[in-house]
Amino acid sequence: TALTAMQFVVGGERVAYGLCRPPGHHAATSLYGGYCFFNNAAIVAHHLTSTLGVKVAVLDVDYHHGNGTQQIFYQRDDVMYLSLHGDPVRAYPYSTGYADEIGAGRGRGSTRNYPLAARTGDDEFVGVLSHAGEQLVAFGADMVVVSLGLDTFVTDPICDLSVTTDGFRRCGEVVRALSLPTVVLQEGGYDVEHLGANAIAWLEGVGA
């Protein structure tokens, strides 16, 4: 699913959405967890860099830090990983996602973590996302892979942020304004009643 979405974008579409199940961003090179077995976003990002020679930014907006994606690219300078997530002091996976984790070796500076306080709402979330967008543009990314978690929603049962449906639309608009080819891959989201409307709002914002 993820690679098919990628092929649409490589073929000329500005944005494509892959409804991946299970999600992937907690899967590392030799570790699974958080319902994740294959790291969909990392597979796409690696395929793009290794076959097209482009620089890729993985923009992770799931409530939980993508420890797997970070680990895979932590020492690489061809993929930038940027993550907005609940502060790991209180949120899974607890051991990674702190602001001082910025990459190592050739990858130093290519990881950016934005831990968020409980009840972070639309304005603050969109503001941090806009800053992350500026960072990936400065990195020189040619393409963006979005790990789209919708578990930042105000009534999500296992999370504690306060993003609304309109906030998701605004987030999509921020990514659209980057004007880069974009592959959007589904990660988490557990308020089943509102999940479809939130996904549609985000995708309308990004122009999918």
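Here are the numbers for the structure shown:
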| read-out | value |
| --- | --- |
| Lys/Arg +1, Asp/Glu -1 at C-beta; the chain dipole; positive extreme among 69, 161, 91 | 69 |
| Measure of compaction for region 14-152 (Cα Rg per 2.2 N^0.38 Å) | 0.96 |
| Built amide H within the under 5 Å cut-off of residue 116, gap 5+ | 85, 86, 87 |
| Vicinal HN-Hα couplings computed from phi for region 16-21 (Karplus, 6.51 cos²θ - 1.76 cosθ + 1.60; Hz; Gly/Pro x) | 9, 10, x, 7, 7, 9 |
| Helical mean residue ellipticity (222 nm; -39500 (n - 2.57) per DSSP H run of 4+; nearest 500) of the chain | -11500 deg cm²/dmol |
| Region 169-199 residues near the modelled residue 142 label - backbone nitrogen below 13 Å, point 7 Å along Cα→Cβ | 181 |
| Equivalent ellipsoid, region 94-208 (semi-axes from 5 times Cα gyration tensor eigenvalues, Å) | 23, 18, 12 |
| Cβ crowding within 10 Å averaged over residues, with 116-129, 144-157 ranked highest first | 144-157, 116-129 |
| Accessible area of the chain belonging to carbon and sulfur atoms, whole % at 1.4 Å probe | 56 percent |
| For region 100-157, radius of gyration divided by Kirkwood radius, i.e. Rg to Rh on alpha-carbons | 1.01 |
| For the chain, size of Cβ-based charge dipole, Lys and Arg +1, Asp and Glu -1, in debye | 580 debye |
| Residue-by-residue Karplus 3J(HN,Hα) for region 80-91, coefficients 6.51, -1.76, 1.60, Hz, glycine and proline x | 9, 10, 10, 9, 9, 6, x, 3, x, 4, 10, 10 |
| Solvent-accessible area per residue, Å², over the chain with all protein chains present [probe radius 1.4 Å] | 41 Å² |
| Ellipsoid equivalent to region 16-84 - semi-axes via the Cα gyration tensor, in Å | 18, 13, 12 |
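The values are calculated or read from the model by the stated rules, or taken from the named source; none is laboratory data. It should be emphasised that the depicted structure is a prediction, and the values quoted were computed from it without experimental measurement. Every residue, glycine as well, gets a Cβ built from its backbone with ideal geometry; the counts of neighbours run over all protein chains shown. Side chains are part of the model used for accessible areas, which takes the heavy atoms of the whole protein and leaves out ligands, DNA and RNA. Shrake-Rupley method; radii C 1.70, N 1.55, O 1.52, S 1.80 Å.
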